[in-house]
Amino acid sequence: MKFSRITRREFVSTTSRVVAGSVALGMMPDALNALSPSLKKRLAMVGTGIRGIRMWGRDLLEAYGETHEFVGLCDINPGRVAFAKQYIGADCPTFTDFDTMIRKTKPERVIVTTVDGTHHTFIIKSMQHGCDVITEKPLTTDEMKLRSIIDAQKKAGKDITVTFNYRYSPHRTRIKQMLMEGRIGRVTSVDFNWYLDVYHGADYFRRWHRLRESGGTLLVHKSTHHFDFLNWWLDSDPEIVHGFGALEFYGKNNAFRHTHCRPCPHKAKCQFYWDMTKDERLMNLYAKNEQYDGYTRDGCVWKEDIDIFDKMAVQIRYANNVQVSYSLTTYSPYEGYRIAFNGTKGRIEAWIHERQPWPMNDYHEIQVTDNFGKAEYIRMPQGGGGHDGGDVLMMDTIFRNPGTRDPYGRAAGLRDGAMSILIGIAARKSIDSGKPVAISELTDIEAREVRGEM
Ligand SMILES: NC(=O)c1ccc[n+]([C@@H]2O[C@H](COP(=O)([O-])OP(=O)(O)OC[C@H]3O[C@@H](n4cnc5c(N)ncnc54)[C@H](O)[C@@H]3O)[C@@H](O)[C@H]2O)c1
């Protein structure tokens, strides 16, 4: 057995030469990059919740504030947007009406971080006002909204970036590299299982994500990342999807329930009781602003209105004939995933644990086994920062080094955003109807056997 251990320093050095080798070409020292306020890129944000204020707000200004500025922040909740301005440290007006914000502040780029089911409204309006768009995943939640985004983009000709931060984590990039090199021959099938644990998984059932109309079910909200990996890793488009799913754990499947955790009379006996009062930031962002919209961040996981699935299995056939078996479980004792690529010359597999009740390693391991041969174990240091280091690398690509060529093609646009949600939408429809769904029933986008450069 061969161990090739890659240290963080080696990885960073390799990525600056290989992955971001081209990135370095377009890079200027920050001091030279600093611009006067009038020359800075003008950003606006709609949806100042937790994702908005942290990564797209405070982190963005801290890292790229010399070249970018916020000219407007918007949220339907006036208390939340006021807190957001202070938390982000932005020197700009706040709005509860998106059109007014765009008209008055004239941004160049709009960052969309609202509830998933509303993304399309702001993506379309932004482009109609002549702005480029950076949207959080999922691009949108159903095929009609997708069609309207595609039509609007054709008319406006503006750029849409879909922020698939997960692509950028070092070990996923390493898998992409091995697949591109044909390390296991031609890939024929993939086994992919994702486990959300009783903390993170349960949290989706507390929040707006519990409703189909808001998040499109976790097959869209969450699995959009996983389906995007598959499309990107396999470099092909999905053609046929067959899904199974049910709600058998959360929601109506419990003897007791309440509205939300803070006033709950069942605190002592509920294993899912969560005390958000211990988190000052969440109290400031959500609890103090419940008076405006009635939204409770610590909603009961046993609410009877929950209409999404908590166990899901999906079979996908790709245009290049690869077949995938995928599953998503939302009440596991540990958090992470297992993936295996079966190829004509061997197998690549990885077990990634993001949280577990036993001590964590400081590396992620990838096993490559040659048919009739040996196994090689590759240990990748865990990336620093959010989403295994993916957030920082993606932000650098968007704000520091736009337009530079990435050999791994990690930057994602409209087509990538569309193809990933279409798998989730098809799976949802398949679960509802009991029949397989062809992607071509949902979109005019033609499936490519090899996606190639987007
Ligand atoms: N890529 C990732 O890893 C990642 C991680 C977390 C969240 N996200 C995405 O970020 C987005 C925001 O998620 P979040 O966790 O911050 O949720 P959140 O509930 O904290 O924030 C959503 C915000 O949108 C606002 N909003 C809802 N409808 C609106 C409307 N019509 N007009 C204006 N504002 C509106 C809400 O008031 C809220 O402040 C989602 O699309 C989510 O999928 C991505």
On a C-alpha basis, how far is the centre of segment 173-238 from the centre of segment 395-443 in Å? Whole number, if you could? 10
Loop chymotrypsin sites (Phe, Trp or Tyr not before Pro), segment 334-399, which have at most 16 other Cβ atoms in a 10 Å radius of their Cβ (DSSP): Y334, F372
When a/c reaches 1.5 or more, the comparison of a/b and b/c decides; with that in mind, is segment 258-298 rounded, prolate or oblate per its Cα gyration tensor? oblate
Extension reserve of the D362-D99 stretch, reckoned as 0.36 nm per residue once the Cα distance is removed: 90.0 nm
Carbon and sulfur together cover what percent of the accessible area of the chain at a 1.4 Å probe radius? 51
Once Lys and Arg are counted +1 and Asp and Glu -1 for all other residues with Cβ under 11 Å from that of F249, the total becomes 0
For segment 35-162, what does the accessible surface come to per residue with a 1.4 Å probe? Please give it in Å². 41
Full extension from M283 to D370: what is 0.36 nm times the residue separation minus their Cα-Cα distance, to one decimal in nm? 26.1 nm
Post the alpha-carbon centroid distance, segment 96-147 to segment 314-387, in whole angstrom. 34
Net charge near N371, counting Lys/Arg +1 and Asp/Glu -1 over other residues with Cβ under 15 Å of its Cβ? +2
Please give me, ordered by residue number, the GluC sites (Glu not before Pro) of segment 187-264 that lie in loop per DSSP and have at most 13 other Cβ atoms within 10 Å. E248
Shape of segment 102-227 from its Cα gyration tensor (a ≥ b ≥ c, root eigenvalues): rounded if a/c is under 1.5, otherwise prolate when a/b > b/c, or oblate? oblate
Qualifying GluC sites (Glu not before Pro) for segment 364-454 [loop in DSSP, other Cβ within 10 Å: at most 14]: E446, E449, E453
Let's test the formula: R0 of 60 Å, r as the Cβ-Cβ distance of K155 and K311. What FRET efficiency results, to the nearest 0.05? 0.90
R207 accessible area, 1.4 Å probe, all protein chains in place, Å² to nearest 10: 40
How far is it, in nm, from the label point at A82 to the one at K106 when both lie 7 Å from their Cα along the line to the Cβ? 3.0
Whichever lysines have a C-alpha closer than 23 Å to that of K125, once near sequence neighbours (fewer than 8 apart) are set aside: K40, K41, K85, K104, K106, K137, K145, K154, K155, K158
Against the empirical 2.2 N^0.38 Å scaling, what ratio does the C-alpha Rg of the chain come to? 0.98
Could you give the nm distance between label points at D293 and K435, where each point is 7 Å from its Cα heading toward the beta carbon? 3.8
Does segment 35-162 classify as rounded, prolate or oblate by the C-alpha gyration tensor (a ≥ b ≥ c root eigenvalues; a/c under 1.5 gives rounded; else a/b over b/c gives prolate, otherwise oblate)? prolate
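The values are calculated or read from the model by the stated rules, or taken from the named source; none is laboratory data. This is a predicted model, so every value here is computed, not measured. Cβ sites come from the backbone with ideal geometry, for glycine too, and all protein chains shown count toward neighbours. Heads up: the accessible areas ignore ligands, DNA and RNA and are worked out on the full protein's heavy atoms, side chains in. Shrake-Rupley method; radii C 1.70, N 1.55, O 1.52, S 1.80 Å.
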